[in-house]
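The values are calculated or read from the model by the stated rules, or taken from the named source; none is laboratory data. The structure presented is a predicted model; accordingly, all values stated were derived computationally and were not measured. All Cβ positions, glycine included, derive from the backbone under ideal geometry; neighbour counts span all protein chains shown. Heads up: the accessible areas ignore ligands, DNA and RNA and are worked out on the full protein's heavy atoms, side chains in. Shrake-Rupley method; radii C 1.70, N 1.55, O 1.52, S 1.80 Å.
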Amino acid sequence: MAKIGVNDGGVLYGINQAIHYIDIKIIVILGAFGCLLTGFTYSLFSRWGFFRHGWMILKWIITIAAILFGMFYLGPWEVAMMNLSGQLGLAALTDAAYLQYEFLHAFFGTVQALVLVGLLFISIFKPWKNIRKQKKA
């Protein structure tokens, strides 16, 4: 959306730099590791524990998978878009590689955001019972 109507290569590169800066320095990386640290602290010091509840196990798996997916896929796609727009300028908007990275980043970034919203609902509704109580029953 931020790239609609861009008619200057420097502006396109600036937009990609801003997206990368926000991702790396401000929101995404700090937020992801903040959530991971908060979950670790809650698991360690509360009655929830790490593996006592099925919903907690699922949250750990998805959270770590989301962080790894961001590190190994979303981040590199973002860097590739930034580098291509820096090298090609406005021509990046017609470059096949840039367009592919842009599509992959937008599509899977949206999927990842929806998955994280799903984790929020799992945290609220806690859909699975205590695993130890299930085993005893």
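Could you calculate the FRET efficiency of W60 with A18 from 1/(1 + (r/R0)^6), where r is the beta carbon distance between them and R0 is 30 Å, rounded to 0.05?
0.40
Ignoring everything but the protein chains, give the 1.4 Å probe accessible area of F50 in square angstrom, nearest 10.
We get 60 Å² for F50.
Indicate the helices, whole DSSP H runs only, in the chain that combine a mean Kyte-Doolittle hydropathy of 1.6 or more with a Cα extent along their long axis of 15 angstrom or more.
Working: long enough: 9-21 (18 Å, 0.37); 28-45 (25 Å, 1.77); 54-69 (22 Å, 1.97); 75-88 (19 Å, 0.20); 96-125 (43 Å, 1.57).
Answer set is 28-45, 54-69.
Please work out how much length the chain gains when fully extended from L116 to Y42, using 0.36 nm per residue of separation minus the C-alpha to C-alpha distance, in nm with one decimal. Could the numbers behind the result be given before it?
Working: separation 74, 0.36 × 74 = 26.64 nm, distance 1.80 nm.
Extra length available between L116 and Y42 comes to 24.8 nm.
For the chain, with the dipole built from +1 on Lys and Arg beta-carbon atoms and -1 on Asp and Glu ones, taken about the Cα centre, which of L58, V6, A80 lies farthest toward the positive end?
Selected residue: L58.
Mind ranking T94, T41, T63, T110 by accessible surface for me, highest first, 1.4 Å probe? Please report the intermediate quantities before stating the final value.
Numbers: T94 115, T41 55, T63 30, T110 75 Å².
So, going from the largest accessible area down, we get T94, T110, T41, T63.
Given charges of +1 on the Cβ of Lys and Arg and -1 on the Cβ of Asp and Glu, with all other atoms neutral, how large is the dipole of the chain about its Cα centre, in debye to the nearest 20? Before the final figure, lay out the partial values.
On the way: 11 positive and 5 negative charges, 311 e Å.
Dipole magnitude for the chain comes out near 1500 debye.
Given the rule -39500 (n - 2.57) for each run of at least 4 DSSP H residues, summed and divided by the residues of the chain, what is its mean residue ellipticity at 222 nm, to the nearest 500 deg cm²/dmol?
-23500 deg cm²/dmol
Taking all protein chains as present, what is the carbon and sulfur share of the accessible area of the chain, in % to the nearest whole number, probe 1.4 Å?
Carbon with sulfur: 71 percent of the solvent-accessible area.
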